[in-house]
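Colleague: Provided herewith is a single structure, encoded as structure tokens, for subsequent inquiry.
The values are calculated or read from the model by the stated rules, or taken from the named source; none is laboratory data. Quantities reported herein were computed from a predicted structural model and do not represent experimental measurements. Virtual Cβ from ideal backbone geometry, glycine too; neighbours counted across all protein chains shown.
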There are 4 protein chains.
Amino acid sequence: MYSFNNDYSEGAHPRILQALMETNLTQNNGYSLDSHTDHARELIRAEIKRDDAHIHMIVGGTQTNMLAISAALRPHQAVICAETGHINVHETGAIEAAGHKVLGAGTDDGKLTPAHIQRVLDHHTDEHMVQPKMVYISNSTEVGTQYTKAELEALSQFCRSHGLYLFMDGARMGAALTSRANDLTLADIARLTDLFYIGGTKNGALFGEALVILHPDLKPDFRYIIKQRGAMLAKGWLLGIQFEELFQNNLFYEMADHANEMADRLRKGIGDCGYTYRWPSTTNQLFPILPNHVMDSLAQDFLFSVQEVVDDHHTCIRLVTSWATRPEAVEAFLQKLRGLPRE
Amino acid sequence: MYSFNNDYSEGAHPRILQALMETNLTQNNGYSLDSHTDHARELIRAEIKRDDAHIHMIVGGTQTNMLAISAALRPHQAVICAETGHINVHETGAIEAAGHKVLGAGTDDGKLTPAHIQRVLDHHTDEHMVQPKMVYISNSTEVGTQYTKAELEALSQFCRSHGLYLFMDGARMGAALTSRANDLTLADIARLTDLFYIGGTKNGALFGEALVILHPDLKPDFRYIIKQRGAMLAKGWLLGIQFEELFQNNLFYEMADHANEMADRLRKGIGDCGYTYRWPSTTNQLFPILPNHVMDSLAQDFLFSVQEVVDDHHTCIRLVTSWATRPEAVEAFLQKLRGLPRE
Amino acid sequence: MYSFNNDYSEGAHPRILQALMETNLTQNNGYSLDSHTDHARELIRAEIKRDDAHIHMIVGGTQTNMLAISAALRPHQAVICAETGHINVHETGAIEAAGHKVLGAGTDDGKLTPAHIQRVLDHHTDEHMVQPKMVYISNSTEVGTQYTKAELEALSQFCRSHGLYLFMDGARMGAALTSRANDLTLADIARLTDLFYIGGTKNGALFGEALVILHPDLKPDFRYIIKQRGAMLAKGWLLGIQFEELFQNNLFYEMADHANEMADRLRKGIGDCGYTYRWPSTTNQLFPILPNHVMDSLAQDFLFSVQEVVDDHHTCIRLVTSWATRPEAVEAFLQKLRGLPRE
Amino acid sequence: MYSFNNDYSEGAHPRILQALMETNLTQNNGYSLDSHTDHARELIRAEIKRDDAHIHMIVGGTQTNMLAISAALRPHQAVICAETGHINVHETGAIEAAGHKVLGAGTDDGKLTPAHIQRVLDHHTDEHMVQPKMVYISNSTEVGTQYTKAELEALSQFCRSHGLYLFMDGARMGAALTSRANDLTLADIARLTDLFYIGGTKNGALFGEALVILHPDLKPDFRYIIKQRGAMLAKGWLLGIQFEELFQNNLFYEMADHANEMADRLRKGIGDCGYTYRWPSTTNQLFPILPNHVMDSLAQDFLFSVQEVVDDHHTCIRLVTSWATRPEAVEAFLQKLRGLPRE
């Protein structure tokens, strides 16, 4: 049984584990006040071309979203996101638990535009309603799509002219940046957003997200917020060492590129069989619509998740590839698919 | 300039003020531990035919919603309501500020059905999403509609069989119960819900909502919650005296009946002029769709609010009547309307 | 049975009720956007000599503390107060429910000094501990003492030089300002604090506290906070009318002066009987230490509360006078006391 | 420079790292729904002799405290702890951020007794104050002391008869259980508390605390709480594998025993030099009081933290040993100390 269930089913890239082994018995300062973390910060600052960035390494993605949003907003302020946004659906109300309403906007493809945001602003006009203050986007999105530079420029300009913070969830940043459809760099993203993060968990680290804070109003006292929410790792250098490896020798991009390459093969193979997709994903998550009998046959050999029921006879499933996806497994999946009758 | 802006533009019914005057210099225990409040509770318990009910008198409606919901839910639990629900739109995120997600369901008429709730339950299946635990409805609703006994029976049965608390916001309970379309009594509501409240603010009191708790799990320690949220009135007997007056000699129903009578005249008069309504209100809020030039002319003499823009030439406005609405003002409004050309 | 239990056992001064009667059927804008509230704000701004002050009228004291503190602090910030402070003891954890730690400092007399605050600052040095950001004081305090101008100047200077907001709870501001020991004016207080409030509930209003915000950082969006915490009164003009009466024709000071006069008589009379006091109150709360048999005899005719057990034979009780305290009741109390044997 | 600064300055015991290496490329279910975690739970259930225990593995200690306490309490409820308790001092108000007051009781040695708790209960009598509902203790405590079986029996009985949950923070459980002063087993602790955790971070794991829930009221829906607070590790098997190693072949106890052995050597050596201790620690944290010049000389070669200033010439420092402490470093420390003049 091979799993295409997600991009965090294996441990870490061997080079990352190796680095953890080599430094294991060296004493370090705790709480991310160590030299590895400092070095990782320098590597990332160089990559994004922003010496002024504050960078915090956090264990998980939901945690990072919760920290970033609750540190930025006053009690009456809200965050706008796509209705499909991770913070709106799959974080068990973590943002609300921190006191803030999430305003979900319906989209076709998981991506927000200035028009979506304008509609929310038009509706929130006085103190009887929450005050929108932040825009949350994901790149790549929860449905595998991604922002172009032009789209992000437009969003950024809109947010800046309306006093809204722009926050990019980059849990799958690697997949976005190495997709064939991408025209953004991390430096672009640092220029166009107020804060964003670079995901390690879903791109070959044991765990870890590097939160990059650009907007000066969002920098003060962030370590207090980390500690208060229980997110300050005692042995913080474990995060630092992993991000050192990711941003030395191109490992971050290499691993994401592999995930995309595997996804491309699946995408083409499934399309060649005549199946269509629920969303036009360009990254490492695919959402094919399959006849139920096809889905059931595949499920005998492969793990994947059901995204939504399409009709009585068809289901949209989710397939995810990663740095660790084996080419033979992709081939086996396609071979099995090709052998199944469509009707 | 006469206001149809809302049902809380005047003070209180003179009999209520008179009662406050007469008792003004008598010493009372504070914090709702006084004999007037006890008496008011008895009157309400008799009305709803439930000796076991716990009753708390609270100053305002948003406050009562916040108390009732935050006392009932554990941190990961959420409340379902119509997308138009007051808690979802017009309480500045009070429920989220208490830590809970509000799950809004789209409806045509502001009313929830078991089907709406079932769809939310179908979507919330594991610990990555909030756990729906309460259903919030308003009667009358935010768009002037109301629940029939059959509808409430169905909701109640559904909620009980799915382990959901059913909470009715009765800020405009009086208007619902005295509407020509009503077939519910307070005793029915007490039988069919787990908690609900009876609105005083919008029905002739200076302020005050009587929260009635039926479900035994929701009763313990509620006074702690009231105090913690800043909602315990020092001179609590001011609430008790007002509810004594409301539930002696039928005043609560008389006032609401007047509001509905005034609304009925407006409804018929506006309809007779050929205008239609955005929602089929049966209570004291009306939502006519008017040509903008008609609206503008009316606005020279009358206060009302804009509900939503319908198209470039038409707007849906909101007209609200109350216990204090003067028949002459209704007549003046209709007379002016009749004199305005439709095109 | 006459009550010295607190200063909120009666309704309101007759002039206040009269004003509510006279305006009862006039239509007003809701939510404190009415002309009475505007006028009351002007009267208070004149009294405190600060045209730039933002003034919000709130129903109750715990509510006002909760609003003021939660609007001012970021999530990791804490408020320092005397261990006896109302927010630390008698608000059911309202401040903690809004997410903030209350740091109580032990004091002899319920008053904070720069030395108390410095000790807290010395202890809170990094992000593993909360960050003190506000100092909360009460005037008069929970034990009946009050700040002199010199003491408040010292506190103010200390807070400003350490980046701490200074917030004065004035639930019993009237009693402080009209005490024989007072040398402060409201204008002094406006000059020396960042925000404070003027209590109506405990000085002859039905309810109401006027929160005065001076510090520019604390002004933005405060009405959102009021609404979100359920504290926006629909018929807000009820607050405005009461504060108009309080600050026209000196009523606020007259009533507090009467309370102090009644307290002075009690203080002298109890002292003349040879009893001592737990705290050196100069305002309308007295804390005599009485033999238990004396306390028990008094309790047959008078209501008061037990403050604390002193030893097996003595108890500290609390007596409170108010604008409504009847001189004959004071005399009756003292007469009864004089007739009781001390042993 | 050798560090005695804490017990989490190195990575993990080599056997733990080895286990992570060996399983690195095997696919696992995420979110702690994997076979390693199941196995680790079985090992712990066997160790504590409680088949009914719910066990959750969490990354960090502050996080675990926050989860356990916020899942157990209703909004108005509070937790009692020693004034020195970690939740009261060193978690940046995490418990308050979740809405709950922490009631700190002064103690001599960091340990709570029924008498301490009774005093808090005597003071919290009605709804104007928070309601104590949980007792938090640490074993070993923040000052290196530990509970005897008799003490824990007494606490447990008191809590059960007063309706209080008893929660033991076991971040340093290993040090407590392997101390020469210990007479408790994990099975005793499971019998006497309602929930507790077993610390991995401070005893040779990369990270991880195993929370054991015994009381049936505290079990439902705990995974929702974990997810909502951002504490659900995507690659949860990393926790499972570590606890498998800790509870196979006695590794958990062996490592803690080593830490205690190193502490015993330091304790005796420092005492032999004539120095005294601030608290009578029996575990791996020592709090000697040293002349400042001695402290300064030691600080040239060793890292440790200052606990508190004793007087102008003396300081209490904290020395911590761990599973990784090298005997030669202990000897070097003592040798240096012996060479320093006491005056």
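Colleague: Which one of these is in contact with a strand residue (DSSP E or B) (Cβ under 9 Å, 6 or more places away or on another chain) and more than 14 Å from every other protein chain (Cβ to nearest Cβ): A:Leu239, A:Leu246, A:Leu233? Walk me through how you get there before you give the answer.
Modeller: Values: A:Leu239 fails: more than 14 Å from every other protein chain (Cβ to nearest Cβ); A:Leu233 fails: more than 14 Å from every other protein chain (Cβ to nearest Cβ).
Exactly one residue qualifies, and that residue is A:Leu246.
Colleague: So is B:Ala68 more than 14 Å from chain C (Cβ to nearest Cβ), surrounded by 20 or more Cβ atoms within 10 Å (Cβ to Cβ) and touching a strand residue (DSSP E or B) at 6+ places or on another chain (Cβ under 8 Å) or not? It would help to see each step written out before you state the result.
Modeller: On the way: more than 14 Å from chain C (Cβ to nearest Cβ): no; surrounded by 20 or more Cβ atoms within 10 Å (Cβ to Cβ): yes; touching a strand residue (DSSP E or B) at 6+ places or on another chain (Cβ under 8 Å): yes.
No; evaluated as a whole, the condition is false for this residue.
Colleague: Report every pair of residues separated by at least 6 positions or lying on different chains whose Cβ atoms are under 6 Å apart, first residue within the range B:96-113 and over 14 Å from B:Asn139 (Cα atoms) and within 14 Å of chain A (Cβ to nearest Cβ), second among the aliphatic types (A, V, I, L, M) and in a loop (DSSP other than H, G, I, E, B).
Modeller: Cβ pairs passing all conditions: B:His100/B:Leu73; B:Lys101/B:Val130.
Colleague: Quick test of your reading of the structure: C:Ala19 fulfils all but one of (1) small (Gly, Ala, Ser); (2) surrounded by fewer than 24 Cβ atoms within 10 Å (Cβ to Cβ); (3) out of contact with any Asp or Glu (no Cβ under 8 Å at 6 or more places or on another chain). Name the failing condition by number.
Modeller: Answer for C:Ala19: the failing condition is (3).
Colleague: Of all residues in the range B:114-141 being part of a loop (DSSP other than H, G, I, E, B) and either surrounded by fewer than 21 Cβ atoms within 10 Å (Cβ to Cβ) or of a type in the set (A, V, I, L, M, F, W, C) (or both), which is farthest from the other protein chains (Cβ to nearest Cβ)? Break it down stepwise before answering.
Modeller: Residues of the range B:114-141 part of a loop (DSSP other than H, G, I, E, B): B:124-130, B:139-141.
Checking the rest, the ones that are also either surrounded by fewer than 21 Cβ atoms within 10 Å (Cβ to Cβ) or of a type in the set (A, V, I, L, M, F, W, C) (or both) come to B:124-130.
Working: B:His124: 9, B:Thr125: 11, B:Asp126: 8, B:Glu127: 4, B:His128: 5, B:Met129: 6, B:Val130: 4 Å.
Looking at the filtered set, the residue picked out is B:Thr125.
Colleague: Hey, another quick one. If you go through the range B:276-293 one residue at a time, do you hit one that is among the charged types (D, E, K, R), over 19 Å from C:Asn29 (Cα atoms) and without any contact (Cβ under 8 Å) to a residue 40 or more places away in the chain?
Modeller: no
Colleague: If you don't mind, there's one more thing I want to ask. Go through the residues of the range C:71-86 one by one and say whether even a single one is free of Cβ contacts under 8 Å to residues at least 24 places away in the same chain and either part of a helix (DSSP H, G or I) or more than 22 Å from the chain's Cα centre (by Cα) (or both). Before the answer, list the steps.
Modeller: Taking the range C:71-86 first, the residues free of Cβ contacts under 8 Å to residues at least 24 places away in the same chain are none.
So far as the range C:71-86 goes, no, none of its residues is free of Cβ contacts under 8 Å to residues at least 24 places away in the same chain and either part of a helix (DSSP H, G or I) or more than 22 Å from the chain's Cα centre (by Cα) (or both).
Colleague: For C:Ile44, all conditions in the list (1) of a type in the set (Val, Ile, Thr); (2) farther than 30 Å from A:Asp221 by Cβ; (3) surrounded by 21 or more Cβ atoms within 10 Å (Cβ to Cβ); (4) in contact with an Asp or Glu (Cβ under 8 Å, 6 or more places away or on another chain) hold save one; what is the number of the exception?
Modeller: Here C:Ile44 clears every test but (4).
Colleague: Need pairs with beta-carbon distance below 7 Å; first residue more than 9 Å from chain A (Cβ to nearest Cβ) and on the phi < 0 side of the Ramachandran plot and within the range D:1-23, second in a strand (DSSP E or B) and among the aromatic types (Phe, Trp, Tyr); sequence gap 6+ or separate chains.
Modeller: Note: pairs meeting the criteria are D:Phe4/D:Phe302.
Colleague: Follow-up question, since we're still on this one. If A:Glu42 meets every condition in (1) assigned to a helix (DSSP H, G or I); (2) touching a residue at least 40 places away in the same chain (Cβ under 8 Å) apart from one, which number is that one?
Modeller: Only one criterion in (1) assigned to a helix (DSSP H, G or I); (2) touching a residue at least 40 places away in the same chain (Cβ under 8 Å) is unmet by A:Glu42, namely (2).
Colleague: Something else now. Residues B:Thr62, B:Thr92: which one is under 16 Å from the mean Cα position of the chain (by Cα) and within 16 Å of A:Met129 (Cα to Cα)?
Modeller: Working: B:Thr92 fails: under 16 Å from the mean Cα position of the chain (by Cα).
Going through B:Thr62, B:Thr92 in turn, the sole match is B:Thr62.
Colleague: For the range D:236-257, which residues satisfy the criterion of being within 15 Å of D:Leu211 (Cα to Cα) and either at pLDDT below 95 or in a helix (DSSP H, G or I) (or both)?
Modeller: So the first thing to find is which residues in the range D:236-257 are within 15 Å of D:Leu211 (Cα to Cα), and the list is D:236, D:239-240, D:242-244, D:246-247.
Answer for the range D:236-257, where residues must be within 15 Å of D:Leu211 (Cα to Cα) and either at pLDDT below 95 or in a helix (DSSP H, G or I) (or both): D:Leu239, D:Gly240, D:Gln242, D:Phe243, D:Glu244, D:Leu246.
Colleague: Just checking, how many residues over the range B:306-329 are surrounded by 13 or more Cβ atoms within 10 Å (Cβ to Cβ) and not β-branched (Val, Ile, Thr)? Even if it seems obvious, please write down each step before you answer.
Modeller: Pass one, the range B:306-329, residues surrounded by 13 or more Cβ atoms within 10 Å (Cβ to Cβ): B:307, B:310, B:314-325, B:329.
Adding the requirement that they be not β-branched (Val, Ile, Thr) leaves B:307, B:314, B:316, B:318-319, B:322-324, B:329.
The number of residues fulfilling the criteria is 9.
Colleague: Further question on the same structure: Return only the number of the condition from (1) surrounded by 13 or more Cβ atoms within 10 Å (Cβ to Cβ); (2) in contact with a helix residue (DSSP H, G or I) (Cβ under 9 Å, 6 or more places away or on another chain); (3) outside any loop (DSSP other than H, G, I, E, B); (4) of a type in the set (A, V, I, L, M) that C:Ala332 does not satisfy.
Modeller: Evaluating C:Ala332 over (1) surrounded by 13 or more Cβ atoms within 10 Å (Cβ to Cβ); (2) in contact with a helix residue (DSSP H, G or I) (Cβ under 9 Å, 6 or more places away or on another chain); (3) outside any loop (DSSP other than H, G, I, E, B); (4) of a type in the set (A, V, I, L, M) leaves (2) as the failure.
Colleague: Restrict the check to the range C:189-211 and report whether at least one residue is under 28 Å from B:Leu233 (Cβ atoms), within 14 Å of chain B (Cβ to nearest Cβ), without any contact (Cβ under 8 Å) to a residue 60 or more places away in the chain and crowded, with 24+ Cβ neighbours inside 10 Å.
Modeller: Taking every residue of the range C:189-211 in turn, at least one turns out to be under 28 Å from B:Leu233 (Cβ atoms), within 14 Å of chain B (Cβ to nearest Cβ), without any contact (Cβ under 8 Å) to a residue 60 or more places away in the chain and crowded, with 24+ Cβ neighbours inside 10 Å.
Rundown of residues vs (1) under 12 Å from A:Tyr277 (Cα atoms); (2) in a loop (DSSP other than H, G, I, E, B); (3) at pLDDT 95 or above, yes/no style:
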position: A:Met295; (1), (2), (3): no, no, yes
position: A:Val306; (1), (2), (3): no, no, yes
position: A:Val310; (1), (2), (3): yes, no, yes
position: A:Ala324; (1), (2), (3): no, yes, yes
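Colleague: Is the range A:48-65 home to any residue that is more than 14 Å from chain D (Cβ to nearest Cβ), in a strand (DSSP E or B) and over 21 Å from B:Gly93 (Cβ atoms)?
Modeller: Just the residues of the range A:48-65 that are more than 14 Å from chain D (Cβ to nearest Cβ), to begin with: A:48-55.
Now restrict to residues that are in a strand (DSSP E or B): A:54-55.
Restricting the remaining residues to those that are over 21 Å from B:Gly93 (Cβ atoms) gives A:54-55.
Yes - at least one qualifying residue is present in the range A:48-65.
Colleague: For A:Ile226, state whether it is within 12 Å of another protein chain (Cβ to nearest Cβ) and either outside any strand (DSSP E or B) or touching a helix residue (DSSP H, G or I) at 6+ places or on another chain (Cβ under 9 Å) (or both).
Modeller: Criteria met by A:Ile226.
Colleague: Just to be sure, is B:Ser156 farther than 30 Å from D:Lys133 by Cα and without any contact (Cβ under 8 Å) to a residue 12 or more places away in the chain? Give the derivation first.
Modeller: Values: farther than 30 Å from D:Lys133 by Cα: yes; without any contact (Cβ under 8 Å) to a residue 12 or more places away in the chain: no.
No.
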